[in-house]
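Nothing in this text is a laboratory measurement; each read-out follows from the coordinates by a stated rule. None of the values given here were measured: they were computed from a predicted structure.
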Amino acid sequence: MFCFQERTRLTICANTGLELDINCDALGIGEKDVVIEVEGTGELKLTMTCTREEAQLGLMKGNLKRVRNRNTYRYLEGFCIKMDCTANCKCECNCDPDCTCECDCQCKCDNDCQCKCDYKCNCDPDCICECDCQCKCDSDCQCNPECDGNFLKARLMIRATNQNRFAHWVYFDNENEELVAVPTINQDGYLTAETSVLSTWTLLVPEETTSVIATTVGIASVFTIGIIAISVFYFKRKSIGN
């Protein structure tokens, strides 16, 4: 569990080993309660950047945005999260049989001593041979990464409030440069969506519902100080016995 400015609560759960790198603008974001469940295979690295707004995507407080279905949404949540997940990979270069080895060798003994690149000196047994050898691969040498993990999907959840209760989780499609809304349900008091896309995520409220939200918020405004906590849990997959 990690605490930041005692304002934003972020819980990360995973069914596999997970290395986290999190940057959270807690002072800007304010009181939020977000849960992210990650599913994958093997060891994964997850990078998360949480900000109040994302100016490059036009996600500024109160801005209207059109998503892929052409409906108009308004950005009110004040929470953007950019996620990137990779597998832990090791890269090794394997040279083909044409790889050559160049050595610079010197023998510490009398002038008649001769040194060869097989680390042997042609003189008495007390002769010492020091070699500095480097292997040089030709242009066909290839580096083959060995990765032991794959990201499968994630479940995004944020606690429902009077302000966001009609909101939809949306992500930015980098290829088509547009926002895409995904099915969002209210489950156990959290707005929940599932995804296999790692991108910049936020919540948008359909424009036709913003007047309802403004009225509700105007009647009951609550100012609180939250808790920023990042909790990392490691869950092992349970094997099914006979």
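Assorted remarks:
- Scalar couplings 3J(HN,Hα) for segment 190-197, obtained by applying the Karplus form with A = 6.51, B = -1.76, C = 1.60 to θ = phi - 60°, are 10, 6, 10, 9, 10, 8, 10, 9 Hz; x denotes Gly and Pro.
- In order through segment 65-74: 3J(HN,Hα) via Karplus (6.51 cos²θ - 1.76 cosθ + 1.60), integer Hz, x for Gly, Pro: 9, 9, 9, 4, 7, 6, 6, 9, 10, 10
- With 0.36 nm allotted per residue and the present C-alpha distance subtracted, the T209-T195 stretch has 2.6 nm of extension available.
- The H on the amide N of D173, modeled in the peptide plane, is under 5 Å from the matching H of E178, L179, V180, each at least 5 residues off or on a different chain.
- For the residue pairs K45/K82; K32/K82; K32/K65; K82/K153, the alpha carbons lie more than 19 Å apart in K32/K65.
- Once backbone amide H atoms are built at 1.01 Å from N, A14 has V38, F233, F235 as its partners under 5 Å, excluding neighbours fewer than 5 places away on the same chain.
- Length gained on full extension, L152 to N186: 10.0 nm, using 0.36 nm per residue less the C-alpha separation.
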